[in-house]
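Working notes for the structure below.
The values are calculated or read from the model by the stated rules, or taken from the named source; none is laboratory data. All of these numbers come straight from a predicted model, not from anything done at the bench. As a convention, Cβ positions derive from the backbone with ideal geometry for all residues, glycine included, and neighbour counts pool all protein chains shown. All accessible areas refer to the heavy atoms of the entire protein, side chains included, with ligands and DNA or RNA removed. Shrake-Rupley method; radii C 1.70, N 1.55, O 1.52, S 1.80 Å.
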Amino acid sequence: MGKKVLLIDDEQDLTELLKTLLEFHDLDADTCNDSRQVEQAFLSAQYNLVVTDLMMPEIDGFQLIQKIREKENYRTVPIIALSAKTLTDEERKFLLRNNIHFSIKPFEPQDLVEQISQLLQSS
């Protein structure tokens, strides 16, 4: 396996589906279904790309992105944010400021896999 991706979403079915698709495309993926466990994931591996849901219990995706960007080795790692909610102007500005790619739920899983592959190739 080549590049390593971290999938963060409180919907386990979604992360497992994406993990299977990514592995089919020779990408190594870890899943995290509790945003409180993300810190541990970063201690155990170096990821080339992160996909995170924005609306999660406990720690939301915006807080999570802020924590990820504070890590020196993750300041430029591509991040894709997923959400079914309409973003406010402030939330859109936050994503732009932090160079976050955005996909609206529901999405075609294969389209997201292609986006991930393209971002990994260009980074």
Matching residues in segment 100-123 - criterion: being open to solvent by 30 Å² or more (accessible area, probe 1.4 Å) and either farther than 24 Å from L17 by Cα or hydroxyl-bearing (S, T, Y) (or both) | S117, S122, S123
The lone condition R97 fails out of (1) open to solvent by 90 Å² or more (accessible area, probe 1.4 Å); (2) modelled with pLDDT of 95 or more; (3) over 21 Å from S123 (Cβ atoms) is (3)
Would you call R92 free of Cβ contacts under 8 Å to residues at least 24 places away in the same chain, surrounded by 12 or more Cβ atoms within 10 Å (Cβ to Cβ) and part of a helix (DSSP H, G or I)?
-> yes
Qualifying residue in segment 97-107 (condition: of a type in the set (S, T, Y) and in a loop (DSSP other than H, G, I, E, B)) | no
Residues that are closer than 22 Å to E91 by Cβ, touching a Leu at 6+ places or on another chain (Cβ under 7 Å) and among the β-branched types (V, I, T), drawn from segment 31-65 = V38, V50, V51, T52
